[in-house]
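Inspection log for the structure reproduced underneath, given as structure tokens.
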Amino acid sequence: MGDNVSENEDEFIWQDYLETTKTTEVPHIVFTHVEQSLQNGFEEGMKLEVPLKDKPECHWIATVVMACGPLLRLRYEGDTARKNEFWCDMTKVQAHPLGWCEANRQTLEPPDYLAASIDILEVKQNLKDSVSVPSELLCGEGCTPVDRIKPLMKVEVQDQADPYRMWIATIVENVGGRLLLRYDVPEGVSAKDFWLFYSSSRIYPVGWANERGPPWVLRKPSNVMSTHKTEEWQAVLENSKTEASKLPFPRDILNKSRKSLCPHDVAIGNKLEAIHPGNMADICPATVVKIFDSYYFLVAIDVVRVTDNHQHTWLATSTHPYIFPVGWAAQHDLKVTHPRGWTCAQDEFEWEDYLAATNSTAAVLPPHPPVLHGAEPTMRLEAVDIDNPSHICVATVQQITNHLLWIHLETVDRLIQLNIKERFWPCFKPKRAVSLDSLEIFPVGWCDSNSYPLKAPKVIRRTPQPSDIKPPTKEDAPKETTTERSSSWCPMIYFNHKCFSGPFLSKGRLAGLPRHVGPGPVVLVMKEVLSMLISVAYISSRVLKELQCTGPPRPGMHLELLKAKYKSNVYRAMVEIVTSSDKVAEFCKEVCRKLQVCPHLFSPVPVGQKTCPENCHTLSKTRFLSVSTASSQSTLIGQRKAGRPPDSRKNTQFPWPRRPPSTRREYLSSFKKNGGLNQRQCDSRSASDDGEHKDKRMRYETRGIKLPNFGLKSSQMKQALGLIDIRSSASSSHSPEMSVNNKQINNSESKSEVSSDSSYVLKKRGRRSKAENERLRKLEELAQETKMDDSQYHVETNPLLWTIEDVYQYMKRTQDCDMLANLLRDEEFDGKALMLLNLPSCMDELNLNQKTALRLCRHVEAVKFAFFSNFVTDTDPS
């Protein structure tokens, strides 16, 4: 399977999920390919020869009365009494088809209680028109197609671009009939494994091409690049045929017939509509580019400006589920996506203008017949992720158009891997089209029944737009009941960010969190909630310390390892998390008490600013803490200052950052020790800077945190990036308002007459450490490395109209950001999304390092500059 499975996937239970979301599953009858894979081939009325119970060396004929998998209910030939029927397990009893005893000179006689009432010759005479159980089902290898297909078997696979081009592939894995295949190639050739269901029209038994003859041919796959000679490929082919004969593939489970194909009536150059095979979401104009015969033809998605040799194509027949006649999308209220490079005055695609501009005609295709099915919107199913075919995800039916299901995969793993936050969700297209007869959709529970990991739903939900958020009313607020049942499924946890946020949490960052988390497994949801709270803290390690559990967990609690990143350090601690949904509300209030916040800051109940029971919005932080501490009814604690916990030095497992010694404290102690400054020192201080007394350094404190000198850091950053000239600014700056820190930076050009003690103190306060110097040096090197040649920027078309493929091609042409092309295409960035990127979003959301993010931002700014300079008049002012 090749991919690691999330540790939370084994906790997903379909029944709980359906009950929580109040949805139903797609009926199993929709998935005909799954139903066929479970059919065992035994039919009522078939006959076979089975050994007698008391005489295993003798056999007698029996008729199939009922079949339940490998279990058959049989009745002996000549016996009409139902009480004598018996069950026989085909996996344990060696039965044979009719005629086996005669062919192998074995004894065929009835049981003793039937010997006197039947004539063996007459029975044999009456069996001439009987249907025998196929010998394939009695060989002990299994009775269903899923059981009979074994790893290491070989099949012939039809090429994606040529219907008569075949090559042999080996079955690596069989998951409920879904086969992981690998082409047989010479040593040193890399070929990606791929998945196909066993009943796919591309799978044939070994020997099919040779049996049919021309135009069928065995030739290496068109998507495999190789420099090996024809003789080497021929040697691989002969070896594959030899191996296939040792473990033959069951040919009877495949029913390939040309009679099921309808002749087409299309010509090269005809236009039609097709689902884009790259994303299975866009309906695009397409062209018939090749005709193989009266059944098969090749369809390519239209591209006006070709920038590479890669084309998205469909190998199609007239009844292909993903191609449609011109105008089909408009008939079903669907939009047609403009071809890449096509520009027109209208936003909506017009087929008449396009056909006239391309001097082409519409293809004649038969209409898709109406399909009767039981699928409805909001129903759930399991579907393959086309971006990673090894993943099968929970999916939701969002729309049904004739024979197409527009589904949304509930799991988006790449968002989690890249730490992309919820506000970037609109950049991704959630709907994808699959046909009702697709072999890549499965009923609810299919993965579980085949022991295959199912990608569980994404717990975090998209943050609603402000216009979608309605103030909760008393009727809307969920009512707490005293008879809550214990369950592992957690309800939604709401972040009521307008409540009092306490001394540890940033109210601004808190407002940026999603409106709610869940529903989902209790441990998973609460772990996500606590991780979010840690991430919005002023000092994340401080909050983690408050939540840390130093002893064994209490009953009903589970220990989870949480992380906090503060500055350049990463801290870890074990935190208690509740395991039952009926204790979630109490657990939320307990965490609120530890963090000294309003007990309703996050809870299963949404509250507004003026509906909070604590009325916390009317009080300041200081007054709220004092009032809540004095109140016996309140659950807040405000007696302790938000500083270092008293036992922090005792914790040797997780070191905590120590606050650097205060320079002001050293200066005061030195002042007291020397009895104050002498006259010479005072004269020197007044002579060097007469206005320094007006600019005494003030110490600002916010919740016990010492603010950094932002002016110094800003100048250091500009110095590293080469934006200012230190020498020129130092020589031209003689203002008496200059800070002490700036004087220390230029201490080589300005000398002080302060005494040795005070000079030492002042220099110590402004001197940069070795680590700071090293950091500035790296920043300067980074700025030099990220400088780019302006000749790399080539923006020829309007970036606002760029599609995902246009963004991919632009990034692919760059010299320093070509490695990001696949990333942006996987995340479906079009022109609008690209121009919205900035340095923080590149680093935080796309998880890029600083150097790569700067390079990408330079290209973004170049695209934006070209847009405003050359194409801004093309946009609608409204």
Among (1) farther than 30 Å from VAL522 by Cβ; (2) at pLDDT below 85, which single condition is VAL50 missing? (2)
Name the pairs whose Cβ atoms lie under 6 Å apart, with the first residue in region 820-843 and under 10 Å from CYS857 (Cβ atoms), the second open to solvent by 20 Å² or more (accessible area, probe 1.4 Å) and not in a helix (DSSP H, G or I), and 6 or more positions between them or separate chains? CYS842/LEU848
Return the residue satisfying two criteria in turn: it lies in region 74-126 and is among the aliphatic types (A, V, I, L, M), touching a helix residue (DSSP H, G or I) at 6+ places or on another chain (Cβ under 7 Å) and at pLDDT 85 or above, and of such residues it is farthest from GLY45 (Cα to Cα). LEU108
What is the residue count in region 588-599 for residues that are open to solvent by 10 Å² or more (accessible area, probe 1.4 Å) and touching a helix residue (DSSP H, G or I) at 6+ places or on another chain (Cβ under 8 Å)? 1
Among the residues of region 842-872, the number that are under 18 Å from ASN822 (Cα atoms) and small (Gly, Ala, Ser) is 1
Go through (1) among the hydroxyl-bearing types (Ser, Thr, Tyr); (2) surrounded by 15 or more Cβ atoms within 10 Å (Cβ to Cβ); (3) modelled with pLDDT of 90 or more and name the single condition SER226 misses. (3)
Which pairs turn up if I take residues in region 58-69 that are within 13 Å of VAL133 (Cβ to Cβ) and open to solvent by 10 Å² or more (accessible area, probe 1.4 Å) and look for partners that are modelled with pLDDT of 85 or more and among the small types (Gly, Ala, Ser) with beta carbon separation below 8 Å, at least 6 apart in sequence or on another chain? THR63/GLY45
Conditions (1) under 28 Å from GLY278 (Cβ atoms); (2) exposed (fewer than 13 other Cβ atoms within 10 Å of the Cβ) -> ALA821 fails only (2)
Out of all the residues in region 24-33, is one or more farther than 19 Å from PRO377 by Cβ and either surrounded by 14 or more Cβ atoms within 10 Å (Cβ to Cβ) or modelled with pLDDT of 80 or more (or both)? yes
Have a look at LYS241, LYS220, LYS256 and point out the one that is at pLDDT below 85 and either part of a loop (DSSP other than H, G, I, E, B) or within 30 Å of GLN36 (Cβ to Cβ) (or both). LYS256
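Yes/no matrix, rows are residues, columns are (1) surrounded by 14 or more Cβ atoms within 10 Å (Cβ to Cβ); (2) touching a Leu at 6+ places or on another chain (Cβ under 9 Å); (3) within 29 Å of CYS447 (Cβ to Cβ); (4) not charged (D, E, K, R):
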residue	(1), (2), (3), (4)
TRP14	yes, yes, yes, yes
GLU19	no, no, yes, no
GLU35	no, no, yes, no
ASN40	yes, yes, yes, yes
MET90	yes, yes, yes, yes
GLN94	no, yes, no, yes
Is it fair to say LEU196 is assigned to a strand (DSSP E or B), in contact with a strand residue (DSSP E or B) (Cβ under 8 Å, 6 or more places away or on another chain) and touching a residue at least 24 places away in the same chain (Cβ under 8 Å)? yes
Out of GLY207, GLY213, I need the residue that is of a type in the set (Gly, Ala, Ser), without any contact (Cβ under 8 Å) to a residue 12 or more places away in the chain and open to solvent by less than 30 Å² (accessible area, probe 1.4 Å). Which one? GLY213
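Would you check which residues across region 115-144 are open to solvent by 50 Å² or more (accessible area, probe 1.4 Å), farther than 16 Å from GLU102 by Cα and part of a loop (DSSP other than H, G, I, E, B) and list them?
Across region 115-144, the qualifying residues are ALA115, ALA116, SER117, ASP119, ASP129, VAL131, CYS139, GLY140, GLU141.
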Of all residues being crowded, with 17+ Cβ neighbours inside 10 Å and over 17 Å from THR852 (Cβ atoms) in region 782-797, which is modelled with the highest pLDDT? Just the residue, please. THR797
Say whether the condition of being β-branched (Val, Ile, Thr) and within 17 Å of VAL65 (Cα to Cα) is met by at least one residue in region 98-118. no
Just name the residue that is farthest from ARG148 (Cα to Cα) out of those in region 189-212 that are within 35 Å of the chain's Cα centre (by Cα) and β-branched (Val, Ile, Thr). VAL189
So, ALA274, is that one open to solvent by less than 20 Å² (accessible area, probe 1.4 Å), free of Cβ contacts under 8 Å to residues at least 24 places away in the same chain and closer than 30 Å to ASP826 by Cβ or not? no
Please identify the pairs in which a residue from region 132-145 that is at pLDDT below 80 has its Cβ atom under 8 Å from the Cβ atom of a residue that is open to solvent by 40 Å² or more (accessible area, probe 1.4 Å) and of a type in the set (Asp, Glu), counting only partners at least 6 apart or on another chain. GLU136/ASP252; GLU141/ASP147
Can you tell me which residue is nearest to PRO27 (Cα to Cα) among those in region 337-359 that are touching a Cys at 6+ places or on another chain (Cβ under 7 Å) and open to solvent by less than 50 Å² (accessible area, probe 1.4 Å)? THR337
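This table checks each residue for (1) out of contact with any strand residue (DSSP E or B) (no Cβ under 6 Å at 6 or more places or on another chain); (2) modelled with pLDDT under 90; (3) surrounded by 16 or more Cβ atoms within 10 Å (Cβ to Cβ).
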site	(1), (2), (3)
THR361	yes, no, no
VAL371	yes, yes, no
VAL384	no, no, yes
HIS391	no, no, yes
HIS408	no, yes, yes
ASP413	yes, yes, yes
Can you confirm whether region 418-426 contains a residue that is at pLDDT below 90, part of a loop (DSSP other than H, G, I, E, B) and under 16 Å from THR24 (Cα atoms)? no
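The values are calculated or read from the model by the stated rules, or taken from the named source; none is laboratory data. If you're wondering where the values come from, they're calculated on a predicted model, not measured in any experiment. All Cβ positions, glycine included, derive from the backbone under ideal geometry; neighbour counts span all protein chains shown. These accessible areas exclude ligands, DNA and RNA; they are computed on the full protein's heavy atoms, side chains included. Shrake-Rupley method; radii C 1.70, N 1.55, O 1.52, S 1.80 Å.
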